[in-house]
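Report on the structure given below.
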Amino acid sequence: MLNLLPSGLKGLSFAALTAAVVASLAGKANSIATIFSLDVYKKIFDKNASEKKLISVGKITIIVSMILAVIIAPHLGIDKKGGFQYIQEYTGFVSPGIFAMFILGFFWKRTTSNAALFATIGGFFFSVFFKFLPNFADLSFLSASNFAILNKASGVYEIPFIDRMGFVFVICIIGMYIISKIENARGIVPKGLEIDTKMFKVHTGFLVGALIVIMVTAALYTIYW
């Protein structure tokens with residue numbers, strides 16, 4: 001992107017990207033401190049810990065986690081893929097199952113809690129399965145449809161992470177549907193949300209703005225992809 005911008009905008013764009021990265025890092029650090037101090041330290045080690053004590057534990061947790069991140073990061077091969085792609089690939093281990101759970105739980109009121117649990121946990125394990133499947137099976141037959149790409153470094157046909165996320169999402173949707181159908185037949189009460197169509201009513205101005213954003217985004221992708 002920086003190669004496409006004039007000199008005056010490169011610094012501004014770099015500053016914006018840096019701010020976005022720092023904001024994301026701050027959010028993750030806050031989440032780490034909150035989860036450890038409240039869900040681990042207070043519940044397991046000190047149930048009567050004061051707010052001041054929890055804040056101190058949170059600060060120490062952030063420092064330790066950042067040190068561990070600095071030590072581990074050079075060994076993850078992030079520089080070969082780029083940080084953004086690396087983050088997207090590994091968040092893709094959990095996002096397909098969560099997305100499937102959200103879609104069916106929100107738009108199909110017969111969804112059961114066990115079906116949602118299947119998507120949440122099963123989605124992760126299916127992602128791991130498809131990630132390491134190329135190490136045990138020859139997937140060259142998928143190359144014709146571009147569902148497998150040859151990794152020149154290892155000589156193995158691997159499933160691109162975007163396709164892997166799509167496969168896992170479809171499996172989670174199908175699995176949730178089957179589990180919900182079976183449990184509905186047994187009389188188990190569904191846990192899906194009751195949707196009121198009035199919730200999705202929007203103003204004309206919003207629709208026009210959304211359409212403009214979509215068209216601009218599509219144009220930028222078409223020109224610069």
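Report the Cα-based extents of the chain along its three principal axes, largest first, to the nearest Å.
63, 60, 53
Please compute the Cα-Cα pair-distance distribution of region 6-75 with 10 Å bins starting at 0, giving whole percents from short to long.
19, 34, 25, 15, 6, 2
Would you please put 212-220, 126-134 in order of how densely packed they are, using the mean number of other Cβ atoms within 10 angstrom per residue and starting with the highest?
Going by the mean number of other Cβ atoms within 10 Å, highest first, we get 126-134, 212-220.
What FRET efficiency do you get for I223 and F102 if R0 is 30 Å and r is their Cβ-Cβ distance, rounded to the nearest 0.05?
0.40
Nearest 0.05, what FRET efficiency do L133 and S65 give at R0 = 35 Å with Cβ-Cβ as r?
0.65
State, to one decimal in nm, how far the label point of V156 lies from the label point of K28, with both points 7 Å from Cα in the Cβ direction.
So the two model labels end up 2.4 nm from each other.
Give the peptides 89-100, 155-166, 6-17, 23-34 in descending order of average Cβ contacts within 10 Å, highest first.
Ranking, from highest mean packing down: 89-100, 155-166, 23-34, 6-17.
List the pairs from K131/K181; K59/K131; K28/K53; K42/K109; K109/K198 whose alpha-carbon separation is above 27 Å, in the order I gave them.
Beyond 27 Å between Cα atoms: K131/K181; K59/K131; K42/K109.
Sort 168-175, 64-71 by packing, meaning the average of other beta carbons within 10 Å per residue, with the highest value first.
168-175, 64-71
Quick one: grab the alpha carbon gyration tensor of region 79-194, order the square roots of its eigenvalues as a ≥ b ≥ c, and give me rounded if a/c is under 1.5, else prolate or oblate depending on whether a/b is larger than b/c.
Because a/c hits 1.5 or more and a/b exceeds b/c, region 79-194 counts as prolate.
Rule-based calculations on the coordinates, nothing more; no lab input. Just so it is clear, the structure is predicted and the values come from calculations on it, not from any experiment. As a convention, Cβ positions derive from the backbone with ideal geometry for all residues, glycine included, and neighbour counts pool all protein chains shown.
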